[in-house]
Every structure is written in C-alpha cells, then in structure tokens.
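Asker: Below is the structure I would like to discuss, written out as structure tokens.
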Amino acid sequence: MRAELSSRERVFTALAHKEPDRVPINFGGCAQTTLLECPPEAPAVTNLYRHLGITDYEEPKTGLIANQVYNMDTRVMERFGNDFRLLMPSGGAWAREESDGAKTLMGVTCGLRAKRIGLYDDIFEYPLKHCTTVAGIREYAYWPQDEDFEALAQGGAEEARRLRETTDKVILEDTFKAFPHLMYSLLCGMERWMIDMKTDPDFYFAMSDHLFEIGIRYVDAWIGAIGDHVDIVSTYDDLGTQEGPLISHDDYVTYLKPYERRMIEHIKTHTDAKIYRHSCGSVYEFIPDFIEIGVDILNPIQPLARNMEPWRLKKEFGRDITFFGGIDTQQLLYTTPERVRQGVRDTIRTLGKGGGYILGSSHNIEPDTPIENIVAMFDAALEYGRYPLE
C-alpha cells in the first residue's frame, strides 16, 4: 500500500496524470456534484445525516435555484473521503419575493424569475424573451450594478485564506459565471438563443458581448480577490443532451468557443488555478476544443449519454484532461448497494488507471436516491480506489 497523501497532494498527483495513493473523491466540495435537498417532500441531505447518526447538524442551505446544498456537514464529507472544499461568494445575488409566490433573482443573477416546480426551484419565465434590439438590451432594468460586483468579494479572500490555513483540502471555486450562453438562455429562452444565432446574428453578438462583459467584471471582482488562495476555478455552459450536443460543432466554434477561450484567458490573469468546466450530457464532440482552450478538468461525465462511455473518454482524451464525476445517477444509484459497489469499481478501473480521475456523481444526486446506495457508492470508492488498482 502506498504512503498516505494529503488531499492536495492526492488531487494534484491525479491532475498530473499520475497515480496517487487513492482516487480523489468529491462529495459536497462542488456545486455540481453533491446531494439535493428538497423539503418537505424530499429532505435528502437531512435524511443522510440522520442515517449516519448525525443529529447536531446545521440546517442545509441551498442556493437561489436548483436546490444544491452548499454547507454540507464536514463530518459527512470526511466519512465519504472528500478531498475538496467548496468556495462561493457570500454576496452579489439575492432573491426578491414577489406577490405571486415566485421570486426575482437580483444582482449578478440579472433579474431571472424562479419558482417551485415539482421538487425544485427553477427558472420559469424569460424576462428578455421579446427583446430584439440593442436599445432594449441597454434599457433592461435588472443588469447588475457596481455594488453587486463589490459584494461578490466581501469575505471571499478571508474565507479562502482560512481554508488554506486550516485544511489540507483542495479549494474549488464554483460560482455562476455562465456568461454568455447559459445566461442568454435563461434570460431569453433556449429557443431564442438557438434561433438568434441563425436568424439575427447581429442581435446574438450584441447580447452575448453584453453578457460576456458582465462575466468579465464578475471574474475581476471575485477571482481577483481569491486567485492567490484557490486551487480550481469553475467555468461552465451546458452544451449536451442525452443523445448529443445542443448545437453543432461548427456553431460552437463560431458562436461560443471564442467567448470561452477569452474567459479562460482572463481568469488566468488572476490565478494559476486549474480550470474546471461543467457541462451536462453528451459533449464528446467538444472535448478536443475544451482541451485546446485550456480546460484541465471536465465534469460531470454522464456515462449513459451518447459517446460519453468512460472507456471511450479515457482511451481518446485521458492523457490530456482530467475526468471528474462518472458515477451514474440516472440508473445505477437507483439499483442496489451491491450493484452500486460494482459500478463504482468498474468506473475506477476504467477512468482511474494512470491518474487523471476525480470520483464523484455524474451530476447532483437526486433527492429520491436510496440513502444506502449513496453510502455504498463512497464506501466502494474508498475500498476500490486504492492504487495499484486491482
């Protein structure tokens, strides 16, 4: 058995495509690879705490949308072998409750409209859906103001420094920097985003340029404050469905890749941190582009999406990018603890060989997932993830 490494040593060895003492694990140390809390119907995080015998926990805190828990109990993270700590700003965005029961997301979230839909808080209305002019973009009432950007950094550098001084964990920054594509889609609707590329490219680029400048200000305020203390910085726009990419590769190269390249270049003016990119679904066609523009880590690796099988990704791209995620949340985690353990073992054998792998769920774990299967997943990761792999 190899000598025990610190979490930072373990993760950075894997990022260098070498084999550490065991496969690194992320649970609760990333906004996209955690467990959802959806009370009162599905308080999954609370149920997990109780299952593990933890009664003196802090009430789970979720974000403005999507129900990710950002204050996962550190005892659970340690129990599951987590090697990361999540860093997020404490200000810059807030929700204004409306009379119809919905909420308007203010500040850097640009006036998005959200409400409870089923188990989740989600976007339901697109405030710029009917905007068609550059003047209309300028006149929109809910663009973030100077004070919103200033609020992003309040306390951030101090918290990053505290984490660096008091833990050996890798500090992963994960915030809503999805400018321009995802914010364009949330403000105007996914259909408008796609149609504008083809039918009104002048408006498309005017809107995208405006959103990109907001993203640059976001990076200046937030990453500028924490860049010396953080290990991994996020950037993301969802580009995949279950069956393939949302747009063609040619359209990605024309309409989105230049913004992504410039955003990563700008992030790197503030930090030497590794770049982590999140995209759901089948993004196989874009992975060479991600590598080219400087992405170091791809998350969440949904193995049931088309062409996203672990063996395929490891064979074709395993020397050039680190895969983060990969444990199927769509089917595997709804089976049995025994099958979950085998699935984790198989994934580790495939993606973990030679390093370049961080184990986690293939997106946030849904709140109706059997608790015993979640425990089995991480117990198996700790058991089977030791190098040399069997």
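The values are calculated or read from the model by the stated rules, or taken from the named source; none is laboratory data. Nothing here was measured: the structure is a model prediction, and the numbers come from that model. Virtual Cβ from ideal backbone geometry, glycine too; neighbours counted across all protein chains shown.
Asker: Given Leu163, Leu152, which one is in contact with a helix residue (DSSP H, G or I) (Cβ under 7 Å, 6 or more places away or on another chain) and of a type in the set (A, V, I, L, M, F, W, C)?
Answerer: Criteria check complete, one pass: Leu152.
Asker: To continue, here is another question. Does at least one position in the range 306-323 carry a residue that is small (Gly, Ala, Ser), touching a Ser or Thr at 6+ places or on another chain (Cβ under 6 Å) and under 17 Å from Asp346 (Cβ atoms)?
Answerer: No; the residues of the range 306-323 include none that is small (Gly, Ala, Ser), touching a Ser or Thr at 6+ places or on another chain (Cβ under 6 Å) and under 17 Å from Asp346 (Cβ atoms).
Asker: Let me ask something else about it. Do we find a residue being in contact with a helix residue (DSSP H, G or I) (Cβ under 7 Å, 6 or more places away or on another chain) and surrounded by fewer than 17 Cβ atoms within 10 Å (Cβ to Cβ) anywhere in the range 244-251?
Answerer: Yes, some residue in the range 244-251 is in contact with a helix residue (DSSP H, G or I) (Cβ under 7 Å, 6 or more places away or on another chain) and surrounded by fewer than 17 Cβ atoms within 10 Å (Cβ to Cβ).
Asker: Okay, next question. Could you go through the range 321-331 and let me know if any residue there is over 19 Å from the mean Cα position of the chain (by Cα), surrounded by fewer than 19 Cβ atoms within 10 Å (Cβ to Cβ) and closer than 24 Å to Asn47 by Cα.
Answerer: yes
Asker: Go through the range 355-372 residue by residue and tally those that are crowded, with 22+ Cβ neighbours inside 10 Å and not in a loop (DSSP other than H, G, I, E, B).
Answerer: So the count comes out to 6.
Asker: Keeping to the range 155-188, report how many residues are more than 27 Å from Ser7 (Cβ to Cβ), touching a residue at least 60 places away in the same chain (Cβ under 8 Å) and not aliphatic (A, V, I, L, M).
Answerer: Total satisfying the criteria: 4.
Asker: Continuing with this model, one more query. Across the range 269-289, what is the number of residues that are among the hydroxyl-bearing types (Ser, Thr, Tyr) and either surrounded by fewer than 21 Cβ atoms within 10 Å (Cβ to Cβ) or outside any loop (DSSP other than H, G, I, E, B) (or both)?
Answerer: 4
Asker: Output the residues belonging to the range 323-356 that are within 16 Å of Lys274 (Cβ to Cβ) and in contact with a Lys or Arg (Cβ under 8 Å, 6 or more places away or on another chain).
Answerer: Phe323, Gly355, Gly356
The rows are residues; the columns are (1) more than 26 Å from Trp222 (Cα to Cα); (2) in contact (Cβ under 8 Å) with a residue 60 or more places away in the chain; (3) touching a Phe, Trp or Tyr at 6+ places or on another chain (Cβ under 8 Å).
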| residue | (1), (2), (3) |
| --- | --- |
| Ile287 | yes, no, yes |
| Gln302 | yes, yes, no |
| Arg306 | yes, yes, yes |
| Thr329 | yes, no, no |
| Thr335 | yes, no, no |
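Asker: Please work out which one of (1) out of contact with any Pro (no Cβ under 8 Å at 6 or more places or on another chain); (2) surrounded by fewer than 19 Cβ atoms within 10 Å (Cβ to Cβ) is the condition Tyr140 fails and give its number.
Answerer: (1)
Per-residue answers, yes or no, for (1) in contact (Cβ under 8 Å) with a residue 24 or more places away in the chain; (2) under 27 Å from Arg319 (Cα atoms):
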position	(1), (2)
Arg2	yes, yes
Tyr49	yes, no
Gly53	no, no
Val76	yes, no
Ala93	yes, no
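Asker: Oh, and also: In this structure, is Glu125 among the charged types (D, E, K, R) and more than 26 Å from Phe205 (Cβ to Cβ)?
Answerer: When the stated conditions are applied, Glu125 does not pass them.
Asker: I'm checking my understanding of the structure. Among residues of the range 180-235 that are polar (S, T, N, Q) and in a helix (DSSP H, G or I), which one is surrounded by the fewest Cβ atoms within 10 Å (Cβ to Cβ)?
Answerer: Checking each candidate, the answer is Thr199.
Asker: Taking the range 88-134 as the search range and keeping residues that are hydroxyl-bearing (Ser, Thr, Tyr) and closer than 19 Å to Glu213 by Cβ, which one is nearest to the chain's Cα centre (by Cα)?
Answerer: Thr109
Asker: Quick one: which residue in Thr62, Thr13, Thr55, Thr46 is modelled with pLDDT under 95 and among the hydroxyl-bearing types (Ser, Thr, Tyr)?
Answerer: Going through Thr62, Thr13, Thr55, Thr46 in turn, the sole match is Thr62.
Asker: Something else: Kindly establish whether Asp83 is surrounded by 22 or more Cβ atoms within 10 Å (Cβ to Cβ), within 25 Å of Thr166 (Cα to Cα) and among the acidic types (Asp, Glu).
Answerer: Considered against the rule, which asks whether it is surrounded by 22 or more Cβ atoms within 10 Å (Cβ to Cβ), within 25 Å of Thr166 (Cα to Cα) and among the acidic types (Asp, Glu), Asp83 comes out as yes.
Asker: Quick check on the range 340-352. Is at least one of its residues in contact (Cβ under 8 Å) with a residue 60 or more places away in the chain and in a loop (DSSP other than H, G, I, E, B)?
Answerer: The answer is yes; a qualifying residue exists.
Asker: Please list, ordered by first then second residue, the pairs with beta carbon atoms under 8 Å, 6 or more apart or interchain, first in the range 129-154 and closer than 23 Å to Met190 by Cβ, second aromatic (Phe, Trp, Tyr).
Answerer: Close Cβ pairs satisfying both conditions: Cys131/Tyr140; Thr132/Phe203; Thr133/Phe203; Val134/Phe203.
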